[in-house]
1. Please give me the summed charge of the neighbours of Pro17: other residues whose Cβ is under 12 Å from its Cβ, Lys and Arg +1, Asp and Glu -1.
2. For Ala4, what is the net charge nearby, where nearby means another residue's Cβ is under 14 Å from its Cβ and Lys, Arg count +1, Asp, Glu -1?
3. Can you give me the distance in nm between label points at Phe26 and Tyr43, each placed 7 Å from the Cα along the Cα-to-Cβ direction?
4. Using the Cα atoms of the chain, I'd like the radius of gyration and the largest Cα-Cα distance, Dmax, both in angstrom.
Amino acid sequence: MTRAADEEQITGISIEPLATPGVLGFHELRARKTGDMRLYVKYELIEPFRGSNIE
């Protein structure tokens, strides 16, 4: 059986990606809890990679 994650957990997982270099933001955060496991799905918006000569 799954249930929604706690607000505290959602707040913590919402702050983490914004502190990561290269991550501009995220959307569609889904958080569920099943037993003692927590499941998170999110789509991160990242800076384009500019270290290549490919145009």
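1. Charge balance in the 12 Å sphere: -1.
2. +2
3. Calculated label separation equals 1.4 nm.
4. Computed over the Cα atoms of the chain, radius of gyration and Dmax are 14.9, 49 Å.
No lab work stands behind these numbers, since they all come straight from the coordinates. Predicted, not measured: the structure shown is a model, and the values here were computed from it. With ideal geometry, Cβ positions are generated from the backbone for all residues, glycine too; neighbour counts draw on all protein chains shown.
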